[in-house]
Amino acid sequence: EIYSLHVDCKVTSRFAHTVITSRIVNRANESREVTFEVELPKTAFITNFSMSIDGEVYPGIIKEKAAAQNEYDTAVLQGQSAGLVKITDRKLEQFHVSVSIAAASKVTFELTYEELLKRQLGKYELLIKVWPKQLVKHFQIDVHIFEPQGIRFLETDSTFMTNELTEALTKVQNETKAHILFKPTEDQQKKNSELDETLLNGDFVVRYDVKREASAGDIQIVNGYFVHYFAPQEMPVFPKNVIFVIDRSGSMAGRKIEQTMDALLKILQDLRPVDHFNLITFNNKVVEWKSSLLPATEENVASAAALVQTLTARGGTDISGALLAALGVLEKAEGLPERSVSMIVLLTDGQPTSGERNVEVIQENVQKAINGKYALFCLGFGFDVSYKFLEKMALSNGGIARRIYENADAALQLQGFYQEVATPILMQIEMQYPENSIEGLTNNNFKLFFEGSEIIVSGKISNELDLLPVEIKAQSHTSDLTLNGEANVREKEQVFQNQRYIFGNFIERLWAYLTIQQLLEKVISAQEEDQKALEAQALDLSLRYSFVTPLTSMVVTKPSDQQQKELANKPTEAG
């Protein structure tokens with residue numbers, strides 16, 4: 001019986017630190033296996049886990065992956081499976097551990113994870129998955145948010161709320177702080193008064209955005225580490241030249257091609273008259289809708305929509321031929337707006353089976369042809385794609401990859417992705433800081449900035465600076481911009497000093513989190529000889545700040561009468 005479940009989340013300037021504590025008692029008169037199961041965002045890193053059974057604590061220890069595996073292999077008979085973490089859906093992964101406890105014994109599980117909330121379409125989203133599978137006497141979710149820039153709006157949303165449950169939800173908010181408390185009684189948790197079934201099953205989501213005034217963004221500083229947030233508003237949107245490259249091979253038949261058609265029809269409606277576009281569909285043959293890019297007039301969009309409605313799926317998959325055809329169209333395009341952004345959006349559900357099949361050759365040819373001029377976005381539909389291949393192609397060519405999960409909302413996933421990249425407002429963004437005063441600077445050059453997102457740069461201020469100056473250079477649709485700002489180091493440090501619920505070195509941890517994420521991304525598109533050095537750097541930080549990343553594992557130890565050790569690894573989308 002779970003008698004207490006507490007989710008405690010502190011978000012300080014977009015960096016979220018979540019602790020989940022579950023207390024369970026065995027009310028049977030014999031020993032029983034109890035399970036602790038939590039779903040957490042894929043973007044988060046687990047930083048701590050412990051079990052305490054009748055006062056004895058069993059901590060999880062984070063080690064280099066290979067070392068942890070060796071330790072595990074020596075402790076366990078080969079052949080026993082032992083991943084404690086697996087991907088469960090497009091946003092979540094699940095941590096699951098079981099332990100056997102004696103009659104009348106109590107166990108407390110505690111899991112901590114951290115993540116940097118990413119701004120998408122104008123808001124941050126904090127996702128807490130709730131599913132205790134039983135009524136819980138003391139159930140509580142606490143979310144504390146502190147945003148020194150000021151909170152512009154804040155909303156909570158949930159997939160399981162009823163009128164009864166809304167009474168258990170309170171929200172207290174001032175200029176810079178918010179506290180959300182959800183504390184339903186056992187009665188409020190019940191589906192109905194006769195049955196002991198719980199209503200709590202689904203997502204509890206907090207969405208918010210912050211106020212923005214300074215044109216050069218906002219800088220925050222704690223213990224010598226800084227973070228700089230930049231999200232300009234109300235800028236003219238670049239015209240886009242976009243080619244949709246759509247897989248219509250046999251494996252797309254049925255639901256996938258229908259959902260793709262649904263999404264494409266809506267995406268075509270969202271094109272602006274100043275945009276240019278083309279459609280290329282492919283199986284083992286590559287078919288160009290038109291031989292050149294056309295302006296997105298009402299007439300042209302209607303004509304493209306008519307074609308989309310006739311799509312049928314059969315045949316093989318010539319990814320290489322389709323991409324090179326798209327690049328050919330962009331290369332010979334004439335009469336495009338002088339300042340515009342050119343991009344290719346590839347949607348495929350399989351491996352290359354016709355034309356060039358060697359993924360390394362395809363990657364090389366595509367990269368040569370793109371040569372930094374265009375952005376390539378790769379969407380992998382389902383689990384038969386080589387996600388690794390798509391991810392490497394996208395990251396090597398200024399884009400991103402995304403897996404589209406085959407379920408009811410696949411069309412919405414496709415549209416959502418398009419909306420994120422539909423409004424480029426800046427390109428060639430350089431964030432410049434005094435070279436000799438900053439160490440360990442995270443990525444500070446960005447190809448494109450899309451409306452509703454946010455650029456984040458972090459680093460360590462190495463010498464006694466009083467003022468931290470920043471200069472941002474970028475191209476907008478109408479002009480070349482230079483924005484200047486500066487932060488008074490002492491004043492900025494003061495902001496966080498008297499904050500009760502902040503863990504002291506949060507910007508340093510944010511810096512480590514961001515650096516690890518960026519190093520792991522670089523590994524994907526790096527040359528083989530550079531991968532080792534990047535991985536070594538990411539591993540060093542993962543161990544130093546105790547993050548479970550794809551390079552580390554957490555060894556979970558149990559009481560001596562049970563299978564002694566289990567491993568928690570970080571799953572990745574590429575598997």
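The values are calculated or read from the model by the stated rules, or taken from the named source; none is laboratory data. Fair warning: this is a prediction, and the values are worked out from it, not measured in the lab. Please note: Cβ atoms are built from the backbone with ideal geometry, for glycine as well, and neighbour counts cover all protein chains shown. To get the accessible areas, we keep the full protein, side chains included, count just its heavy atoms, and leave off ligands, DNA and RNA. Shrake-Rupley method; radii C 1.70, N 1.55, O 1.52, S 1.80 Å.
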Taking segment 455-544, the whole-percent share of alpha-carbon pairs separated by over 18 angstrom is 64
Would you kindly derive the ³J(HN,Hα) couplings of segment 432-449 from the backbone phi angles with the Karplus curve 6.51 cos²θ - 1.76 cosθ + 1.60 (θ = phi - 60°), listing them in order in whole Hz, with x for Gly and Pro?
10, 10, x, 4, 7, 10, 10, 10, x, 5, 6, 3, 10, 10, 10, 5, 9, 10
Working from the pairwise distances between different alpha carbons, so that the mean of 1/r is found and then inverted, what is segment 322-366's Kirkwood radius in Å?
12.6
Sequence-separation-based contact order of segment 240-409, relative, with Cα cut under 8 Å and 6+ spacing, percent:
24
Of ALA313, LEU346, ASN192, which is farthest along the charge dipole of the chain in the positive direction, counting Lys and Arg as +1 and Asp and Glu as -1 at C-beta?
ALA313
Using only the alpha-carbon atoms, how far is helix 65-75 inclined from the longest principal axis of the chain? Give it as 0 to 90 degrees, nearest 10.
40
What helix-only [θ] at 222 nm does the chain give? Using -39500 (n - 2.57) per DSSP H run of at least 4, over all residues, to the nearest 500, the answer is -7500 deg cm²/dmol
HN-Hα J in Hz across segment 402-417 - Karplus 6.51, -1.76, 1.60, θ = phi - 60°, x for Gly and Pro
8, 8, 9, 7, 6, 8, 3, 9, 4, 4, 5, 4, 5, 5, x, 4
Give me the tail of P(r) for segment 107-253 as a percent: Cα-Cα pairs with distance above 21 Å.
61
To the nearest 10 degrees, how steeply does helix 298-308 sit against the main Cα axis of the chain, on a 0 to 90 scale?
70
Could you quote the convex hull projected area for the chain, Cα atoms only and averaged over all directions, in nm²?
29.1
Based on Cβ point charges of +1 for Lys and Arg and -1 for Asp and Glu, what charge dipole magnitude is obtained for segment 240-409 about its Cα centre, in debye rounded to the nearest 20?
180
Just need log10 I(q)/I(0) for segment 240-409 at q = 0.14, 0.16, 0.19 Å⁻¹, Debye formula, equal scatterers on the alpha-carbon atoms, no solvent, rounded to two decimals.
-0.67, -0.90, -1.31
How large is the accessible surface per residue of segment 208-305, computed with a 1.4 Å probe and reported in Å² as a whole number?
38
Taking only Cα atoms of segment 400-559, the Rg to Rh ratio with Kirkwood Rh works out at 1.02
Segment 441-541: which trypsin sites (Lys or Arg not before Pro) are DSSP loop and have at most 16 other beta-carbon atoms within 10 angstrom?
ARG500
Compute the long axis of helix 319-331 from its Cα atoms, compare it with the longest principal axis of the Cα atoms of the chain, and write down the angle in degrees, 0 to 90, nearest 10.
50
Based on DSSP, what percent of beta bridges with both residues in the chain are antiparallel, to the nearest 5?
80
If amide hydrogens are placed 1.01 Å from N in the peptide plane, which non-local residues have theirs closer than 5 Å to the one on SER462?
ILE438, GLU439
Distance (nanometres) between label positions extended 7 Å along Cα→Cβ at GLU430 and GLU573:
3.0
Fully extended contour minus Cα-Cα distance, from ALA103 to VAL287, at 0.36 nm per residue:
59.4 nm
Quote the relative contact order of the chain in percent (integer), defining contacts as alpha-carbon pairs under 8 Å separated by 6+ residues.
17
Per residue of segment 240-251, what does 6.51 cos²θ - 1.76 cosθ + 1.60 with θ = phi - 60° give for ³J(HN,Hα)? Whole Hz please, x for Gly and Pro, Karplus curve as stated.
10, 10, 10, 10, 8, 10, 10, 6, 10, 6, x, 5
Rounded to the nearest angstrom and ordered from largest down, what semi-axes does the equivalent ellipsoid of segment 167-265 get from its C-alpha gyration tensor (root of 5λ)?
38, 35, 13
Any chance you could run the full-extension gain for SER560 through TYR58? It's 0.36 nm times the residue separation minus the Cα-Cα distance, nm to one decimal.
179.6 nm
Sorting LEU268, GLN428, THR557 by the position of each Cα along the dipole of the chain (Lys, Arg +1; Asp, Glu -1; all at Cβ), the one nearest the positive end of that ordering is LEU268
